[in-house]
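Single-structure report; data block below.
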Amino acid sequence: MVTLREVSLSDNNTIIAELVGLLAAQLPEPREVPPETDLISDLALESVQIMEFMVDVEDHYDIAISLEALAEIRTLEQLAQVVSQARDKQ
Amino acid sequence: MNLLDKFSAVAATRTELAAAGTNPTDVVVDQVLSPTESMIGGQRTIMAGTNNYLGLTFDETCIAAGQRALAESGTGTTGSRMANGNYASHAELERELAEFYGYPYAMIFSTGYAANLGTMAALVGSGDAIMLDGDAHASLFDGGKLSGASVYRFKHNDPESLDKRLNRLGDQASRTLVIVEGLYSIMGDRAPLKELADVTKKHGAYLFVDEAHSLGVLGEHGRGLIEEQEVEADFVVGTFSKSLGSTGGFCVSPHEALTLFRYASRPYMFTASPCPSVVATTRAALAQLKARPELRETLWRNANKLYNGLSQLGLQLGPEPSPVVAVKMESRERALAMWQLLLEDGVYINLILPPAAPDGSSLLRCSVSAAHTDAQIDKIIEAFRRLPRPGD
């Protein structure tokens, strides 16, 4: 039997895989991006690129992520959780 | 890591900026010769990065009005509008601004920055939302933070992006302030205001337009983009520190609620009111703006001349001619070096480095004045022509 936690983890993994796809547009060349990657310090993304990435994420999932929520996000894993929660609200 | 360690990165940037000669963030103007010329480093320099669009900083009527106010009312108010600092001239300026815009209500602030913060923080709060154009000025992001509202960002100048995001807010859209600028300060492009206003209205949200760079610049009477595109905004905010050549800011509105902002706007309440001389020069400059439409015509002639001249050099410019002319550079290092060469050649402009530019690029930003002569515009173009080409 699949538990609720397992469903949630699987959902998160799917979101992370999709986020990696969206993130590719902001990277100068293809690279591995593990879930714990820090978007700023590990990928050296400029704030402008982060903003463009977030607009793509919002449009892809048809959700709204406020700037104060964004300020708390450092990794893809954390972003996936925010995306998941925003989708649940709708 | 202690409290001060975070400044080491700033110190490193400052050292890098200063390495080439003059630090672009620390230019000292030794003497102001006119609205378009100053002495910098012992050299007579054309000022092409001042936002002094109408060139009114040395207007005789403005100077005389300021001198009279200094003599009659003293150097400062020493208090808030809520206390001892509420002078008749403040109310007169508010009345004149309301009349100029054809809106019933107006309110002035001690700076343009405070006008944005003060209006936003009074208007929205926890439970409300702000929908902000992605290229909006830092003061508008700061106003969002101060307000406590949830701040969302839509794609620059994109009504469809705004529509989608307001849709996602559902019922909260009617408690949302949509914020755009008339003329964007870095690239010099206009907002598609009519379309953005239509989307805002469709969702029952409120429209806030920052006309800091478009007052005196756009519209038949210089009222800004709202006049040019025939849009009635809920709140129009602007500054006195550009076309009007002084300091301070304002908000005008058709909503009577603006009169209550005086009791809810901390950046209005907890600071000294504008000095009498500043109010006097602002009022005189507003009268000049109204009486002399030829200033706007000259401004645009100069703006087109500079834009076309730089375009003919093959430089990559902002999307449309305007009094803000942005020249894109290939790299941060080249931008810094070219800025230095221009200053050495007697031309001061603004250096914009990432992340200040919208697309993360590095820019040499010029701003044009009605007071620039043809010869000065030619000299600016010539200074750009003399710059080494990439790879030279």
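What follows is calculated from the coordinates using simple rules that are stated; it is not laboratory data. The model shown is predicted, which means the values in this text are computed figures rather than measured ones. Cβ placement follows ideal geometry from the backbone for every residue including glycine, while neighbour counts extend to all protein chains displayed.
Rg ratio for the stretch B:305-360: its Cα radius of gyration over 2.2 N^0.38 Å, N being its residue count, equals 1.12. Looking at the stretch B:234-330, the chymotrypsin sites (Phe, Trp or Tyr not before Pro) that sit in a DSSP loop and have at most 12 other Cβ atoms within 10 Å of their own Cβ are B:F270. The local environment of B:T15, defined by Cβ-Cβ distances under 15 Å, has a net charge of -1 under the rule Lys, Arg +1 and Asp, Glu -1.
Other protein chain C-beta atoms within 10 Å of residue C-beta, averaged over A:53-66: 4. The charge dipole of chain A, taken about the Cα centre with unit charges on the Cβ atoms of Lys, Arg (+1) and Asp, Glu (-1), comes to about 220 debye, rounded to the nearest 20. Which whole-angstrom value gives the distance between the alpha carbon centres of the stretch B:208-256 and the stretch B:324-392? The stretch B:208-256 and the stretch B:324-392 have Cα centres separated by 27 Å. The mean number of Cβ atoms from other chains found within 10 Å of a Cβ in peptide B:125-134 is 1, as a whole number.
Taken residue by residue and averaged, Cβ atoms of other chains lying within 10 Å of the Cβ of B:160-169 number 3.
In a reduced charge model with +1 at each Lys and Arg Cβ and -1 at each Asp and Glu Cβ, the stretch B:149-252 shows a dipole moment near 420 debye about its Cα centre. Over chain B, the ratio between the Cα radius of gyration and 2.2 N^0.38 Å evaluates to 1.00.
Rounded, prolate or oblate, given the Cα gyration tensor of the stretch B:121-203, with a/c below 1.5 counting as rounded? Taking the square roots of the gyration eigenvalues as a ≥ b ≥ c, the stretch B:121-203 is oblate. Can you give me the Cα centroid spacing of the stretch B:137-159 and the stretch B:282-298 in angstrom? First find each Cα centre; the distance between them is then 31 Å. Its relative contact order, with pairs defined as Cα atoms under 8 Å and 6+ residues apart, puts chain B at 22 percent. Cross-link partners of B:K305 among lysines, defined as those whose alpha carbon lies under 16 angstrom from its own and excluding same-chain residues fewer than eight positions apart: B:K379.
Placing dummy labels 7 Å off each Cα toward the beta-carbon, the span from B:E72 to B:Q31 is 3.3 nm. The residues packed around A:T37, meaning those with a beta-carbon under 14 Å from its beta-carbon, carry a net charge of -3 if Lys and Arg are +1 and Asp and Glu are -1. In straight-distance terms, cross-link reach from B:K202 covers every one of the lysines whose alpha-carbon lies under 22 Å from its own, apart from those fewer than eight places away in the same chain; here that gives B:K155, B:K164, B:K194. For chain A, the membrane-span-like helices by this rule, meaning whole DSSP H stretches whose C-alpha atoms cover at least 27 Å of axis and whose Kyte-Doolittle mean is 0.0 or above, are A:4-23; this says nothing about an actual membrane. Distance between the C-alpha centres of the stretch B:57-85 and the stretch A:21-72: 50 Å, rounded to the whole angstrom.
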